[in-house]
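These notes concern the structure reproduced below.
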Amino acid sequence: MRINKLWLKMAAVSAATAVIGVLAAALLIRNATTSQFGSYLEHIGRMNGMGGMMGGGFGGMMGAPETAFLSSVNTSLWLAGAIAVAIAAMVAIVFSRQITAPLRRLSAAVGRVARGDTSCRLPSASTDEVGALTTNFNCMVESLDRNQDARRKLMGDLAHEMGTPLSVIQSNLEGMLDGIVDASPDKISSLHQEAMLLSRLVKDLRTLAQAEAGRLNLAPAPSDLGKLVSSIVTATGPEAARKGVALSALIEPRLPPAMMDDDRVSQVVANLLSNALRYTPAGGKVEVSVTQDDGALSVSVADTGQGIPEVDLPHIFDRYYRGPEPKEKRAGGSGIGLAVVKELVEAHGGRVWARSTPGQGSVFFFTLPIVPAT
Ligand code: ADP
């Protein structure tokens, strides 16, 4: 017969142990009683001058009272044994059920999580291994819950982030086809900006997916970081001018080449610049600088925007994390721009960090290694 309940197994093991113990004790007591009682009878026989009868052993001296005494001792022994086993079995059942109760609750909760319900939490009253298991289960469900929330939020954010530029492009193109909207260079340039926004978002998503799968393949080669940054700043000039933000670059002369993947580093600078322009109101300034520091090249993107609250600052490079929305500008964001920046910079062997004063502006820094001298 297979027992498929843990508490029954524990109770059966405890009861079996009690039976073996009681049997061993009963046999020992029975043997000891019989032999001690025999010695006692022989001793009484010798005292009464019946030494000659010794050859027949004490069996010869056993009358009805002696036999009744031994049999009553035996009966009492078996009765005490049976009572002890029954009590042990009952205690074992009660304790086994008590010990396995949290495991049964845990098993039911795991079943609920498997069916997609991540709202259940269990009380963890004990400090033993089962208590530790319960605490770990709660932590696991908490993290699952957070991930599900982040995934749901990301889906909504992405739909919004992609939907807005798409509908702007679509409605303007339809207007141009119907002859209602003028296909002026300004209009086409603004539609191009919307398309660029979409393309950057798709690129960031692809990078993040590659990083998550551990397939962020870089092709680093010696390259001129100052030239790359300066060309991105020049290309972003018209967008900054449209937003009324003064954009400038400060590149230290005669910088050594950096070991980098040009395409990926462009993505990093573009993301930081795009954030700086988004979070800086018209009339503000954004300055990008490239310098050499402590054997590495260092890039900083400083803005005079709204800044980042102290509580948000430690989390801004986390995936899907979003702080306060940009004031005075179109809301939105996906919370992946800075996570991509971090992945890419660290994949190059560099570091990234930020400083900010709420109300005054932020500075984002990242470093890249210099090509080692041969
Ligand atoms: P998002 O798509 O929300 O901009 P990011 O990963 O690029 O996502 O940025 C994460 C958060 O960091 C933003 O939600 C914003 O609160 C904050 N942030 C990033 N750059 C700046 C900046 N230059 N000024 C102020 N806040 C910023």
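The values are calculated or read from the model by the stated rules, or taken from the named source; none is laboratory data. Note that the structure is a prediction, hence the values are computed from the model and not measured. Every residue, glycine among them, receives a Cβ derived from its backbone with ideal geometry; neighbour counts consider all protein chains shown.
Screening Leu297 on (1) within 9 Å of the ligand (Cβ to nearest atom); (2) in contact with a Leu (Cβ under 6 Å, 6 or more places away or on another chain) shows it passes everything except condition (1). Of the candidates Met61, Met1, Met53, the single residue that is modelled with pLDDT under 85, within 53 Å of the chain's Cα centre (by Cα) and either assigned by TED's automatic domain parsing to the domain that holds Ala101 or loosely packed, with under 11 Cβ neighbours inside 10 Å (or both) is Met1. When each of Val233, Val269 is tested for being under 18 Å from Ser298 (Cβ atoms), in contact with a helix residue (DSSP H, G or I) (Cβ under 7 Å, 6 or more places away or on another chain) and part of a helix (DSSP H, G or I), the lone residue that passes is Val269.
Would you confirm, using the coordinates I've provided, whether Val288 is within 16 Å of the ligand (Cβ to nearest atom) and outside the structural domain of Leu198 (by TED's automatic domain parsing)? Steps first, answer last, please.
Numbers: within 16 Å of the ligand (Cβ to nearest atom): yes; outside the structural domain of Leu198 (by TED's automatic domain parsing): yes.
Taking the combined requirement at face value, the residue satisfies it.
From the list Pro314, Pro281, which residue is in a helix (DSSP H, G or I), at negative phi and within 14 Å of the ligand (Cβ to nearest atom)? Give the derivation first.
Values: Pro281 fails: in a helix (DSSP H, G or I).
Answer to the check: Pro314.
Give me the residue from segment 185-208 that is among the small types (Gly, Ala, Ser) and exposed (fewer than 15 other Cβ atoms within 10 Å of the Cβ) and, out of that set, farthest from Leu272 (Cα to Cα). Result: Ser189.
This table checks each residue for (1) modelled with pLDDT of 95 or more; (2) buried (at least 16 other Cβ atoms within 10 Å of the Cβ); (3) not in a loop (DSSP other than H, G, I, E, B).
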{"site": "Val290", "(1), (2), (3)": "yes, yes, yes"}
{"site": "Leu297", "(1), (2), (3)": "yes, yes, yes"}
{"site": "Ala302", "(1), (2), (3)": "yes, yes, yes"}
{"site": "Lys327", "(1), (2), (3)": "no, no, no"}
{"site": "Ala339", "(1), (2), (3)": "no, yes, yes"}
{"site": "Leu344", "(1), (2), (3)": "yes, yes, yes"}
{"site": "Thr367", "(1), (2), (3)": "yes, yes, yes"}
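Looking only at residues of segment 346-362 that are over 24 Å from the mean Cα position of the chain (by Cα) and crowded, with 17+ Cβ neighbours inside 10 Å, we find that the one that is nearest to Val288 (Cα to Cα) is Ser362.
Kindly indicate whether any position in segment 332-342 is closer than 19 Å to Met155 by Cα, within 11 Å of the ligand (Cβ to nearest atom) and without any contact (Cβ under 8 Å) to a residue 40 or more places away in the chain. Before you say what the answer is, go through the steps one by one.
At the first step, the residues of segment 332-342 found to be closer than 19 Å to Met155 by Cα are 332-340.
Retained after the next criterion (residues that are within 11 Å of the ligand (Cβ to nearest atom)): 332-340.
Retained after the next criterion (residues that are without any contact (Cβ under 8 Å) to a residue 40 or more places away in the chain): none.
For segment 332-342, residues closer than 19 Å to Met155 by Cα, within 11 Å of the ligand (Cβ to nearest atom) and without any contact (Cβ under 8 Å) to a residue 40 or more places away in the chain: absent.
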